[in-house]
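First the structure, in the form of structure tokens, and then the observations on it.
The values are calculated or read from the model by the stated rules, or taken from the named source; none is laboratory data. Keep in mind it's a predicted model, so treat the numbers as computed, not measured. All Cβ positions, even for glycine, are placed from backbone atoms using ideal geometry, and neighbour counts span all protein chains on display. The accessibility values were calculated without ligands, DNA or RNA, using every heavy atom of the protein model including side chains. Shrake-Rupley method; radii C 1.70, N 1.55, O 1.52, S 1.80 Å.
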Amino acid sequence: KYVNPAVGNRESLVQKTVVRDSEGMNTIIHETKYVAFLDNIFFGSKKVTVQVDGDNEEFIFRNNLVFGAQDRNLDDSGNSIPDTTSGLFATGTFSGQTDISNNTFTGCVICLIAPAGECDLYPGKNRWAVNDNVVHSGFAGVVEYIPESSAAKCAGISFIKGYNLEIGVNHNFPATEIRANNILLTEVDDGIVFLTGKYDNELHQVFVANSFFAGHLRDESVYDPAYANCSDMHAIMVSAHTVKPEKVPPKGASLKIKKDALWEGRMDISGSYFENFYDNFDSRCQGNVIFTSNKNAKDNSGGVTFHNNQATNVGRENVYYFKNPDPEWIGLITGDCGGYYCTGITNIIVKDLDGSLTDDSQVNGQGTPKTYIPNNKRIVNDDCNLYLGMNGYSCNSIHWGLLSFESLDWDRKTRIVAPVNVTTDADDFRNDLNSYADHAKNGFYTGLEKLQRFHSLVQTNRDDYQIHYTGTVPDKMRFQLHHSLDEDSVVVYQKYTTPQTVKVTLADGTYIRPKLSVNGGVITDEDECGANVYQGVEHIAQFKLTGADDCELIIELTNSVKGAVRYEIDIFEFFDQDGPTEFIDRVALVLGIDPTRVRVSQVTRGSSIVAFDVDGEQQPEYAEGEEKEAIIDELEEIRDRIEAAIQSGDLDILGSKVLDYELSVSMKNSYYHDDEELNQEKDYTLIIVGIVVAALALAAGIFVTYKKKMAQKKKAKVASHGIVVPKQVVASSVSDLQGYDQVNKSSAVSPSVQHLKDDDRKRSGSNDDEEEKEEQHSPALPSIDFSSRPFANNDGNAADNHSDDQKHHHHTEGSESSGNNDKDFAFSRKELYLGSKILLSADIPGLNFKQMAF
């Protein structure tokens, strides 16, 4: 028996025992209570030396030596069997005063696999059941995880000593937070390898504190070239955070990333000591750095901050090393990234907040704050210095951030808008971005699903970042400025291809009204998160992001009625009387809706032109068929009611009347793409009917003229047999020809019509002088362009079809009277004028053909 000093309980004791040479697991500890293993030696097993499973209460494993766990070398038939080789593998749960400490694990594939502490359930605690163990001379030292049965989301990892390993301490399992402290590692390829995941709606963070990391020992005599290597040692790997981490219980150590990266992750390193990271120690000890990036982090990595650390014997080019994209990522069939490498790995941000990672120019441990970024040369400024040996830039400023944005549309994994370019006008800043990798495998091929999420390194406190998309801008997007100071900010410009209704809200749904002023909305340094302006003419939305955690914006297109009304009031007086609020309240009152559905997006001079939007009640992510028609009906009803209110004077405000207005319907891009039809279908119903009637009337006029022409030809035939016929054409009335001559002499071509005429000449290659001579004998008869109407032939062949019809008509007439020139059957402009008189005199309700461009 052993008396546990912590609680006084008497334990069943196994002590000073050697357990060796097992063909399977050496020792199995299952569902125990009050059992202690002290001062034992376990070695020579296959697969796992010591297996601990089930629920174990007050289990003690202390001062033991475990070594020599061997792989079972399964043949091909057993490859599907998980075969984790470990010194101690604890898959169960612990309760009470469990203590696994002061043990040594060596000569193993994975030395120790055990549950982590539940740090969110025990705030302030920094020492856990697994502590003060030594791991060395193996592939991986310690793998810790949160058991599946636990409600904890924070993994506590503490008091570990390790050396001569490929991976020091590893976590790649479900969690939102890792808190590690008192880790001592030296001569480890990748010391800290921490990944979290699963909980995608929460912030993921990694904290490493009060730890010691050495690139190599001071005594070079220990490095026998036959047995040891001391190059490419990395103290810390930048954290990664993924939707789907490895499953528990673990199968081994892993730094793989199998699914999409999460929206944001953070890593904080503080109170730690870094020693002997430099290249001139020994010819074999090259490329040792404090931190490096994860080669599998295609999509996104955690933003890293260093502070209150100490560094000794750290070379200027031994601070970091950023991995390059893998060429195998590219490929339309088997490549995860498509035709362009994934860009998450070239947009990593690491900040040394107090300059303590470099020992030059330090005063009391304080140096120059720096930002370290990968070799992404088109985004840097003059404060950044390139270090090719580290494959990155050191920038003498911490005013950098990661601009993150993504599509929230229903088709965000299948409708590709990449590549995306983030640029500025003031300098040559340009960051070309790809979307996330295709992590959905379909057998040998990719699954053709790429999350449209992007992360761009940016210099903060700038107001000129423009985002350009290859595809149509998504209807709903999320934006946030990550890894920057709270007071830092950026202003983003996003251009839409067509007039749209853009709504800006915080992530919690708080609506942010557009900024308005007499001189147009201008976003300033004093504005808060979410300040936004919409430039209606250019279809550009501007909005401000700050580095504060709660500054997360949703930029969303809505189904709405867009309008503009012009009031006969000076713009200064309009703002002095709080015209925007008055207008919103009046529209909401007229429509009987919540004022939050009404937005004034812009106010401009002339006298006061108010651009506004009214959101429809129905805002589904996607709609088709009857649901889409119901949305259209609702918006058209809103449009009609606004128009009726304008015409009745119900929308007059501040003692000012509406001088003129424009109204249109706007819908989301994802399920409606024919705005022209939407906005013209009702307006042109009467015009469609009228034009049909007008065409019949014009045809009647032409037919009359044609009959007269045929009569003249018959008379000409009679004249050839000796009968004299007058040569001039007899007009249907003297007033008609006089009217024609009067139009010919006095009508002036409007500038817009003349512009169209000039364009036609350039396209046809006509001679201007000949055209002018012809116009001296012809009236100005501009024509209607039907191509913009919903019933137009959209294939661009309308003119060709008309030409073919004319040719066919001429050919038919020519066959009836051979020997006559086709010119005899062409109608002169004077004859067309006579025919159009019938059209102009037609009385069609709602139409005035004299004002139309016939």
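Determine whether G339 is farther than 19 Å from N172 by Cβ and surrounded by fewer than 17 Cβ atoms within 10 Å (Cβ to Cβ). Even if it seems obvious, please write down each step before you answer.
Values: farther than 19 Å from N172 by Cβ: yes; surrounded by fewer than 17 Cβ atoms within 10 Å (Cβ to Cβ): yes.
Considered against the rule, which asks whether it is farther than 19 Å from N172 by Cβ and surrounded by fewer than 17 Cβ atoms within 10 Å (Cβ to Cβ), G339 comes out as yes.
Which ones in segment 419-437 are under 27 Å from D326 (Cβ atoms) and either in a loop (DSSP other than H, G, I, E, B) or free of Cβ contacts under 8 Å to residues at least 60 places away in the same chain (or both)? Reasoning before the result, please.
Residues of segment 419-437 under 27 Å from D326 (Cβ atoms): 419-423, 429-437.
Within segment 419-437, P419, V420, N421, V422, T423, F429, R430, N434, S435, Y436, A437 qualify.
What is the number of the single condition among (1) in a strand (DSSP E or B); (2) touching a Gly at 6+ places or on another chain (Cβ under 9 Å) that W128 does not meet?
(1)
State all residues of segment 586-604 that are over 35 Å from the mean Cα position of the chain (by Cα) and either of a type in the set (V, I, T) or over 21 Å from M667 (Cα atoms) (or both); if no residue qualifies, say none. Don't jump to the end; show me each part of the working.
Going through segment 586-604, the residues over 35 Å from the mean Cα position of the chain (by Cα) turn out to be 586, 589-592.
Passing the criteria: R586, L589, V590, G592.
If we only count strands (runs of 3 or more DSSP E) wholly inside segment 591-678, which ones have 2 or more residues that are in contact with a strand residue (DSSP E or B) (Cβ under 6 Å, 6 or more places away or on another chain), open to solvent by 40 Å² or more (accessible area, probe 1.4 Å) and in contact (Cβ under 8 Å) with a residue 60 or more places away in the chain?
In segment 591-678, 658-666 are the strands (runs of 3 or more DSSP E) which contain 2 or more residues that are in contact with a strand residue (DSSP E or B) (Cβ under 6 Å, 6 or more places away or on another chain), open to solvent by 40 Å² or more (accessible area, probe 1.4 Å) and in contact (Cβ under 8 Å) with a residue 60 or more places away in the chain.
Within segment 139-154, can you find the residues that are touching a residue at least 40 places away in the same chain (Cβ under 8 Å) and part of a strand (DSSP E or B)?
Within segment 139-154, F139, A140, G141, V143, Y145 meet the criteria.
Looking only at segment 88-122, filter to residues that are outside any strand (DSSP E or B) and of a type in the set (A, V, I, L, M); which one of those is most open to solvent (accessible area, probe 1.4 Å)? Break it down into steps so the answer makes sense when it comes.
As a first pass, look at segment 88-122 and keep what is outside any strand (DSSP E or B): 91-92, 96-98, 102-103, 116, 119-122.
Then drop every residue that is not of a type in the set (A, V, I, L, M), which leaves 116, 121.
Values: A116: 12, L121: 87 Å².
Of everything passing the filter in segment 88-122, L121 is most open to solvent (accessible area, probe 1.4 Å).
State which residue pairs qualify: first residue in contact (Cβ under 8 Å) with a residue 12 or more places away in the chain and outside any helix (DSSP H, G or I) and inside segment 567-578, second residue surrounded by fewer than 15 Cβ atoms within 10 Å (Cβ to Cβ) and of a type in the set (A, V, I, L, M, F, W, C) in any location, beta carbons under 6 Å apart, and separation of 6 or more residues or different chains.
The qualifying pairs are E568/L659.
For D83, are the conditions met, namely being under 16 Å from F139 (Cα atoms), at pLDDT below 85 and not polar (S, T, N, Q)?
Against the criterion (under 16 Å from F139 (Cα atoms), at pLDDT below 85 and not polar (S, T, N, Q)), D83 qualifies.
For segment 244-293, which positions are surrounded by fewer than 19 Cβ atoms within 10 Å (Cβ to Cβ), of a type in the set (S, T, N, Q) and not in a loop (DSSP other than H, G, I, E, B)?
Result: S270, single match.
I want to confirm something. Restricting to segment 414-431 and keeping residues that are under 15 Å from the mean Cα position of the chain (by Cα) and open to solvent by 50 Å² or more (accessible area, probe 1.4 Å), which single residue is nearest to Q466 (Cα to Cα)?
So the residue we want is P419.
Mind listing whichever residues of segment 621-669 are over 40 Å from the mean Cα position of the chain (by Cα) and hydroxyl-bearing (S, T, Y)?
Of everything in segment 621-669, those that are over 40 Å from the mean Cα position of the chain (by Cα) and hydroxyl-bearing (S, T, Y) turn out to be S648, S656.
Just to verify a result, which residue in segment 449-472, among those that are open to solvent by less than 10 Å² (accessible area, probe 1.4 Å) and aliphatic (A, V, I, L, M), is nearest to T497 (Cα to Cα)?
Once the filter is applied, the top-ranked residue is I467.
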